[in-house]
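First comes the structure, then the notes that go with it.
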Amino acid sequence: METIVALHRNHFGEIISFVTSEGRIISYRKALVEAENGLIHGIQAIEDGEGRVSLLPDQDLTFDHYPNLF
């Protein structure tokens, strides 16, 4: 199953896309949809109290340990 191996951040430090184990570069929104559909292993879509959905790695609380590729 495909996993996240790296990410891209904008100049504000926000994640804008992910690099997968298959070499795909996918947008945050696409990663969110694929995580919700069980297509990407190791991340989960979490809804906060205000109804916003975001991605979190299964093992950690942040993506800080993932390499930031440009």
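For the range 2-57, the equivalent ellipsoid derived from the alpha-carbon gyration tensor has semi-axes of 18, 15, 8 Å in decreasing order.
Amide H to amide H, with H built 1.01 Å from N, residue 5 comes under 5 Å of 19, 20, 21, counting only residues 5 or more places away or on other chains.
The trypsin sites (Lys or Arg not before Pro) found in the chain that occupy coil by DSSP, while having at most 11 further C-beta atoms within 10 Å, are 52.
Which longest run of the chain has no exposed loop site in it, a site being GluC sites (Glu not before Pro) in a DSSP loop with at most 15 other beta carbons within 10 Å, and the site itself not part of the run? In short, 23-49.
FYI, it's all coordinate maths here, none of it is from the lab. All values derive from a computational prediction rather than experimental measurement. No Cβ is skipped: glycine too gets one built from the backbone with ideal geometry, and neighbour counts run over all protein chains shown.
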